[in-house]
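Next up is a structure, given as structure tokens.
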Amino acid sequence: MDLRTELLKSIWYAFTALDVEKSGKVSKSQLKVLSHNLCTVLSIPHDPVALEEHFRDDDDGPVSSQGYMPYLNKYILDKVKEGSFLKENVDELCWTLTAKKNYRPEKNGRTLPGKDAFRLWCLFNFLSEDKYPLVMVPDEIDYLLKKVCMAMSVELNCVELEDFISKDSVQQRGFTVWVFLELMNSGKLTRGIDADVVSMAIEEVYREIVGDVLKEGYLWKKGQLRRNWVERWFTLQPGTLAYFTSEDRKERKGNITLDRNCCVEVLPDRDGKRCMFCLKTLSKTYEMSASDTKQRQEWTAAVQTAIRLAVEGKSSLHKDLKLKRREQREQREQRQVAKEEELQRLRALQEEKERKLAELELLREAQKQAQVLLEEDEQRRRQQHEQLQQALEEQLREAEEARASMQAEMALKEAEAERQKRRIKELEEMQQRLEEALYLEKKARQDEEAFRFAQTRAAQRKLRQASTNVKHWNVQMTRLMHPIGPGDKRSSGGSSSFSSFRIPTQRDPALRLLQPSEERGEESKENVQAGVGAEPERRLSQTSNGDMEIP
């Protein structure tokens, strides 16, 4: 809903209020006054002769709304610049004109103050359908009343509302603003609630929906220069966050523009402040503190919503919500229409079905005889089918038995084959073990033959050496047994020494001491292993000193 549409709704009430005779036409003199006042509140220049020039070809009679619309669009609405005027002034002008004629609250009822009635009138215009005459659908009435009751922290009396909506006038034409104000003045929905509470709730809802205020309230703000904490009244709207010295909003202290470069973050408690959060822009960071955690969460969520609306280019959250609710109603109505069409189609089908049933009833009598014949034929076919089924079941049973026997036989054969496989595997493993044992036996025999051959060669070498030693000792013995000549001083003892001399044998340890070093080394290793190597070593040491024991 654009600005022109909003202005036209208010102007429509002013135009109809000037139509005293309800003929749909207003005199030119009254339109001049209305046009002048509109130019004043809209802050645009007014041409006093423009209306006369525009209608100079017309009669002196009154002008209809359709005849006034071209002038209104060309000379007034086309010149309007958003932001150059206060829309509330336009609404007050139009409310003043229409309230004098149409708003007459009952004196015996609980009459709303004029300011509250004006705000409810503005809310009605905002939420009404964009069709003339202006009416509000029951869904929007329910939405508005729930918002007001929520602001008063009470629950909506749905019974009274449903009774009021069930009236024929409301059902046929919908809610007009005067019917709505009649409902609010009746006191049925605000029974037992103080008038000041109702006024505060209406003002809060008015500022939220008509004034596009997403949230407002007191917050502590940290200064940018002095860095001290001061309490300010903040008002959040799509695209802007303004703060004032108090809630009367007379002295504005600053304004923060919200765009896609802004973000809000939660901060930890510090500087003696709790429930802190900050709003970051490209140039500054604003630190604020809420009264409690719930308020901080509501403020951060509301600021994020305002930033999102600014990024999406939307100037009002409730305009967007209204469009969404309207789309939902249209979809619901379309579904309802489709459902009704479906019901009509079902009714037509039901009627067609009943007609066909009547035709079928006429055919049933003719079909009775044929049905009897068909039953007899069916009985005969059933018997044949049963017999055939029994034969097939018998064949199937025999086939199952044959299959079972074949499966048992196959299972036996598979078990036998499995045993044969295991036997073959065992034989293969036994053959492998036998081959390994044969290989080990061959290797052992080869090692034994090699060992025996080495022993034989050693024995032969030892025999040859012993033979050599025997020859050597024979020569020594021959030399030693040479007779001593006359004049020998040792002749007295020589016979005893000679008689005690013993020829060593090959097994004599002394003889083995004179064997070559190689054979002696091998023999000494064997003696050491046998535990008899100590005595030959002692004798060898004595031999090396030139002493030899002669028994």
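Take the Cα coordinates of the range 324-393, assign each an equal point scatterer, and use the Debye formula without solvent to give log10 I(q)/I(0) at q = 0.17 Å⁻¹.
-0.80
Before I look further, what does the range 1-88 give for accessible area per residue, probe 1.4 Å, in whole square angstrom?
Details: 4840 Å² over 88 residues.
Normalised by residue count, the accessible surface of the range 1-88 is 55 Å².
Sticking with this one: Distance in nm between label sites at L373 and V20, each 7 Å beyond Cα in the beta-carbon direction?
9.4 nm
A further question on this structure: As an exercise, use a Förster radius of 35 Å and the Cβ-Cβ distance of R445 and I424 to find the FRET efficiency, rounded to the nearest 0.05. Provide the component values of the computation, followed by the final result.
Details: r = 31 Å, r/R0 = 0.90.
The computed FRET efficiency comes out at 0.65.
Within a Cβ distance under 9 Å of I44, other residues only, what is the Lys/Arg minus Asp/Glu net charge? Show your work: numbers first, answer last.
Working: positive: K79, K81; negative: none.
After counting each charged neighbour, the total is +2.
Keeping the other protein chains in place, figure out the carbon and sulfur percent of the accessible area of the range 7-79, with a 1.4 Å probe. List each step's numbers first, then the result.
Working: 1970 of 3810 Å².
About 52 percent, which is the carbon plus sulfur part of the accessible surface.
Further, regarding this structure: Do any of K9/K322; K146/K319; K222/K280; K22/K79; K115/K215; K147/K188 go past 20 Å between their Cα atoms, and which?
Values: K9/K322 16 Å; K146/K319 17 Å; K222/K280 13 Å; K22/K79 30 Å; K115/K215 22 Å; K147/K188 16 Å.
Over 20 Å apart, Cα to Cα: K22/K79; K115/K215.
If the cut-off is a Cα-Cα distance under 15 Å, which aspartates and glutamates reach K443, setting aside same-chain residues fewer than 8 apart in sequence?
E435
Note down the magnitude of the dipole of the range 42-158 about its Cα centre, charges +1 on Lys and Arg C-beta and -1 on Asp and Glu C-beta and zero elsewhere, to the nearest 20 debye.
Details: 15 positive and 20 negative charges, 133 e Å.
Dipole size: approximately 640 debye.
Among S27, N125, L3, whose Cα sits farthest toward the positive end of the charge dipole of the range 1-129 (+1 at Cβ of Lys/Arg, -1 at Cβ of Asp/Glu, about the Cα centre)?
Ranked along the dipole, the leading option is N125.
Please report, in whole Å³, the volume per residue of the convex hull around the C-alpha atoms of the range 152-254. Write out the running numbers ahead of the final one.
Values: hull volume 13.8 nm³, N = 103.
Residue-normalised Cα hull volume stands at 134 Å³.
Okay, moving on. Could the peptides 453-461, 250-258 be put in order, highest first, of the mean number of other beta-carbon atoms found within 10 Å of their residues?
On the way: 453-461: 10.8, 250-258: 13.0.
Per-residue mean Cβ counts within 10 Å order the peptides as 250-258, 453-461.
With the other protein chains left in place, how much accessible area per residue, in square angstrom, belongs to the range 185-275 at a 1.4 angstrom probe? Don't skip to the answer; put the middle values down first.
Numbers: 4970 Å² over 91 residues.
So the range 185-275 comes to 55 Å² accessible per residue, rounded to a whole number.
Rounded to whole Å and sorted largest first, what semi-axes of the equivalent ellipsoid does the C-alpha gyration tensor of the range 205-259 yield via the square root of 5 times each eigenvalue? List each step's numbers first, then the result.
Values: eigenvalues 89, 32, 14 Å².
Its equivalent ellipsoid spans semi-axes of 21, 13, 9 Å.
Okay, moving on. When the convex hull of the Cα atoms of the range 13-128 is projected onto a plane and the area is averaged over all directions, what value comes out in nm²? All intermediate terms of the calculation are to be shown ahead of the outcome.
Values: hull surface 33.5 nm².
With the hull built on Cα positions only, its mean projection is 8.4 nm².
Please enumerate, by chain and number, the aspartates and glutamates with C-alpha under 14 Å from the C-alpha of K462, excluding those fewer than 8 residues away in the same chain.
Cross-link targets: E518, E519, E522, E523, E526.
Okay, next question. Which lysines, on any chain, are close to K368 with Cα under 23 Å apart, when same-chain ones fewer than 8 places away are left out?
Those lysines meeting the cut-off are K353, K356.
The values are calculated or read from the model by the stated rules, or taken from the named source; none is laboratory data. Given the structure is predicted, the values throughout are model-derived calculations rather than measurements. Neighbour counts are summed over all protein chains in view; Cβ atoms, including those assigned to glycine, are modelled from backbone coordinates with ideal geometry. Surface areas here come from the heavy atoms of the whole protein model, side chains and all, with no ligands, DNA or RNA. Shrake-Rupley method; radii C 1.70, N 1.55, O 1.52, S 1.80 Å.
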